[in-house]
Structures are given as structure tokens and as C-alpha cells.
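Asks: Pasting in a structure now, in C-alpha cells, and then I'll have a few things to ask.
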Amino acid sequence: MSEEKRQYLFPDEDGGEHLFEEWYRYVSERTGKTYLFLEMIGNPEDGADDLIICEIDEYGEGDDDFELSLIDENDEQIWDELETALKERMNDATE
């Protein structure tokens, strides 16, 4: 039996909400931090991001004991690492 994927609800700039599902969880060996690749459920609107990446900080044992954070857009080193992880994940999925 496969594990149920965790879902997250994100607000948008217009006051709406979008549901995303955890697609891939990546732990950086360099930083020790965990990153979530989240895929939008349903049909993304024109111009909407259908895949977002957040850092997750899990600080307890409960289902809601976590905090999602945006990744610094100027941190080229982590973005390069996440791009490589995404490419590897996509290659693994097609093999």
C-alpha cells in the first residue's frame, strides 16, 4: 500500500487558495535542510506556478509541527542544487 501524499493549502495574491501535494522531498547533504517540491492539484491557472519548492522545518512529532519557508531567491548555490535534484528525480521517474 502506498503512503498517502501530504497536501498543503497556499493563499494567492487575490485571496484565493490553491492546493498543492508533496511530489518530492529532498534533503541537502550540504546544508542538512529539507526541501519540498510541491505540485499544484487540479488545473493551474494561466501564469500560476504548478510546481513550487519550499524549505520545511519540522520541529515536533505532530502532523502540524512544521514551518514552510520561502527560499532566498539570491542563494544561487541552493537553487543550483535544487535544479540538479529536480533533474535527477525526473530522470529517475522516466527510467
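Asks: Pick from the range 47-60 the residues that are modelled with pLDDT under 85 and open to solvent by less than 80 Å² (accessible area, probe 1.4 Å): which of them is farthest from residue 14 (Cα to Cα)?
Replies: So, considering only residues that are modelled with pLDDT under 85 and open to solvent by less than 80 Å² (accessible area, probe 1.4 Å), the one farthest from residue 14 (Cα to Cα) is 60.
Every residue, every condition in (1) of a type in the set (A, V, I, L, M, F, W, C); (2) under 15 Å from residue 26 (Cβ atoms); (3) at pLDDT below 90, yes or no:
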position: 62; (1), (2), (3): no, no, yes
position: 65; (1), (2), (3): no, no, yes
position: 87; (1), (2), (3): no, yes, no
position: 91; (1), (2), (3): no, yes, yes
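Asks: Considering (1) among the polar types (S, T, N, Q); (2) modelled with pLDDT of 90 or more; (3) open to solvent by less than 100 Å² (accessible area, probe 1.4 Å), say which one residue 74 fails and leave the rest.
Replies: It is condition (3) that residue 74 fails.
The values are calculated or read from the model by the stated rules, or taken from the named source; none is laboratory data. Since the model is a prediction, treat every value here as computed from it, not as a measurement. No Cβ is skipped: glycine too gets one built from the backbone with ideal geometry, and neighbour counts run over all protein chains shown. The accessibility values were calculated without ligands, DNA or RNA, using every heavy atom of the protein model including side chains. Shrake-Rupley method; radii C 1.70, N 1.55, O 1.52, S 1.80 Å.
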